[in-house]
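**Q** If you scroll down you'll find the structure; I have some questions about it.
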Amino acid sequence: MSIALRIPVALTGPEVIVTDPCYYNGSEHMHSTVGPIRQGGSWVMESHREEMGGWGTRTVELSVVHSTWHPTHKRFLAADAGVDSGQMSICDSHVARAFENPDDYGPDGFQPKDHEGHFDYQGACDITLNHAERGGVLCDVMAVSETGCGDGVYPVYVWRDEVGAATKITVDFRDVENEEEEEEEEEDNDD
């Protein structure tokens, strides 16, 4: 696995939302909120890519990492986040309120290339569809990337420091173990 991108991202609030950008429209559908996050210092977005068989090279993890993160911080499965548009984002919850409704495409319909740098759904799509790394930071405040093999529900992991503040948040787009656990639970429920 290699780091495809490592870009500063401004996360300054007490919590972040992890979700498909198509859900930043006021609904709470498939949002995962993580807080409290580490204040002060700096955050970077990391995108990891690897070969995924017939799918080619795909994004397998999207993370935001604080400058104080250390591998000894405790890792937790925090929640799951849903995807319907083949992309995932991590953004301050207070900043997300300014994100433009994904259904408001305007008179020309869906034209992500025309929205490069706009803090809206099509601006996020421009990054995940038109950039070679299939990810990036939108308007310095939203980490966004493609989601491995597309739509689904992905686990969100959080590393917490000694005072309980989140120092790293990762969405894993290849969590086979999590999928196997869900399949086992479904089999148990069928009995």
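Here, each number is a calculation from the coordinates, and none is a lab measurement. Fair warning: this is a prediction, and the values are worked out from it, not measured in the lab. No Cβ is skipped: glycine too gets one built from the backbone with ideal geometry, and neighbour counts run over all protein chains shown.
**Q** In segment 108-125, which residues have a backbone nitrogen under 16 Å from the label point lying 7 Å from Ala10's Cα in the Cα-to-Cβ direction?
**A** 117-120
**Q** Report the calculated FRET efficiency for Ile3 and Asp108 (r = Cβ-Cβ distance, R0 = 35 Å), to the nearest 0.05. Mind dumping the intermediate values first?
**A** On the way: r = 36 Å, r/R0 = 1.02.
After rounding to 0.05, the efficiency reads 0.45.
**Q** Could you work out how much longer the chain between His118 and Leu77 gets when fully extended? Use 0.36 nm per residue separation minus the Cα distance between them, nm to one decimal. Before the final figure, lay out each step's value.
**A** Details: separation 41, 0.36 × 41 = 14.76 nm, distance 3.21 nm.
Between His118 and Leu77, full extension yields 11.5 nm more.
**Q** Work out from phi, with θ = phi - 60° and the Karplus expression 6.51 cos²θ - 1.76 cosθ + 1.60, the ³J(HN,Hα) of each residue of segment 50-60, listed in order in whole Hz, and give x for Gly and Pro.
**A** Each residue of segment 50-60 in turn: 7, 5, 10, x, x, 7, x, 7, 9, 6, 10 Hz.
**Q** Taking only Cα atoms and a 10 Å spring cutoff, compute GNM fluctuations for the chain and point out the largest among Glu51, Glu146, Glu100.
**A** Glu51
**Q** So who's got an amide H within less than 5 Å of the one on Val156, skipping anything under 5 residues away but keeping other chains? H placed 1.01 Å off N, in plane.
**A** The list, which skips near neighbours in sequence, is Ala78, Ala79, Asp80, Ala81.
**Q** Next question. Spelling out what I want: for every residue of segment 140-153, take phi, set θ = phi - 60°, compute 6.51 cos²θ - 1.76 cosθ + 1.60 (Karplus), and round to whole Hz; glycine and proline get x.
**A** Going residue by residue, I get 6, 10, 10, 7, 9, 7, 5, 10, x, 9, x, 6, x, 10 Hz, with x marking Gly and Pro.
**Q** Based on the alpha carbons, how large is the Rg to Rh ratio for the chain when Rh follows Kirkwood?
**A** For the chain, the value is 0.97.
**Q** For the residue pair Met52 and Thr68, what label-to-label distance in nm results when each label sits 7 Å from Cα along the Cα-to-beta-carbon direction?
**A** It works out to 3.4 nm between the two label points.
**Q** Rounded to the nearest 500 deg cm²/dmol, what is the calculated helix-only ellipticity per residue at 222 nm for the chain, with -39500 (n - 2.57) per DSSP H run of length n ≥ 4?
**A** Using -39500 (n - 2.57) per qualifying helix, the result is -4500 deg cm²/dmol.
**Q** Suppose a student asked you for the relative contact order of the chain, using Cα pairs under 8 Å spaced at least 6 residues apart; what percent would you report?
**A** Relative contact order of the chain: 27 percent.
**Q** A follow-up question, please. Connecting C-alpha atoms closer than 10 Å in a GNM of the chain, tell me which of Gly123, Gly152, Gly109 has the biggest fluctuation.
**A** Gly109
**Q** Anyone know which of His31, His131, His66 comes out most mobile in the 10 Å Cα GNM of the chain?
**A** In this elastic network of the chain, the residue with the biggest mean-square fluctuation among His31, His131, His66 is His131.
**Q** Take Cys149 and Asn130, extend 7 Å from each Cα along the Cα→Cβ direction, and tell me the distance between the two endpoints in nm.
**A** Using points 7 Å along Cα→Cβ, the separation is 3.0 nm.
**Q** Moving to a separate point now. Skipping prolines and chain starts, which residues have an amide H placed within reach, meaning under 5 Å, of the one on Ala10, given they are 5 or more residues away or on another chain?
**A** Residues meeting the amide H criterion: Val141.
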